[in-house]
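Rule-based calculations on the coordinates, nothing more; no lab input. On a predicted model such as this, the values are computed, not experimentally measured, just so you know. With ideal geometry, Cβ positions are generated from the backbone for all residues, glycine too; neighbour counts draw on all protein chains shown.
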Amino acid sequence: MTTSISLVERLRKSIGERQVVHNVDLSGADLHGVDLTGLMAERFIAPGACFEGALLTGAQLIEADLSGAIFDGAHMEGINLGLATLDRASLRGAFLARSIWINAFCEAADMTRADLTGADLEGCLFSRTRLDDAILCQVNAPHTRFTGASLIWTDMRDGIFSKATFNVSDLSNANLSGSNCSQADFRGAKLYGVNWSGVRLDGVLFDPWVKPH
């Protein structure tokens, strides 16, 4: 615990001085509720750490290792997680509006009810991730992989999902209205009750029996 406290003090000092902190290892640390707004870190290692209810608004955690970490209910608006690893992480109910996930790895994570409004998800890997009841409105997600993901009742209005992959995913009752899904791959996906109103579907790959309407 003492080590975690000293590291947090170091991080807060770097935030106050607007400096990038390097080589931080918070593996398994309990940091629930911590305020690290504006943190800029390189080689940030925190697998299995608990950030439940934490404030990470505007943090820069590019290429961070956050596998298995807990961010339930965390406020992470505008955070940059580009190239980060969040496999098996829990982000239930996290606020991630306008966050950046370019080419991040987020396999088998739990993002139930997370709010990713306006997020940049380009090239991110969300395979087998649970995104039920999440908000993905106005996201930029071309080439993003949702293979085997659960997107039940997910709000995906007005997003860009061109060339995204939804193979064997579950989009039951998802709302894709107004989105651009051109050249996306929905083969093997569960599409019961999907709202296709105004969706761009040119070049989309569906199973032969699927007729979106």
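Odds and ends about this structure:
- In Hz, Karplus ³J(HN,Hα) per residue of region 61-70 (6.51, -1.76, 1.60; θ = phi - 60°; x = Gly, Pro): 10, 4, 6, 6, 9, 10, 4, x, 6, 10
- For region 40-90 and region 93-140, distance of Cα centres in Å: 13
- Assuming charge only on the beta carbon of Lys and Arg (+1) and of Asp and Glu (-1), the dipole of the chain about its Cα centre is about 340 debye to the nearest 20.
- Sorting the segments 8-18, 133-143 by their mean number of nearby beta carbons within 10 angstrom, highest to lowest, gives 133-143, 8-18.
- Diffusion coefficient (Stokes-Einstein, Kirkwood radius over C-alpha pairs, 10 °C, 1.306 mPa s) for region 38-183: 110 µm²/s, rounded to a whole number.
- Shape class for region 89-158, computed from the alpha carbon gyration tensor (a ≥ b ≥ c): rounded, with a/c under 1.5.
- Helix-only [θ]222 nm of the chain, DSSP H runs n ≥ 4, -39500 (n - 2.57) each, per residue, nearest 500: -2500 deg cm²/dmol
- Here region 125-192 is treated as a Stokes sphere of Kirkwood radius computed over C-alpha pairs; at 37 °C and 0.692 mPa s its diffusion coefficient rounds to 294 µm²/s.
- Point-to-point label distance, Gln19-Asn103, nm (Cα→Cβ direction, 7 Å offset): 2.9
- Cα pair distances of region 1-123 binned at 5 Å [whole percent]: 3, 13, 22, 31, 19, 9, 3, 0
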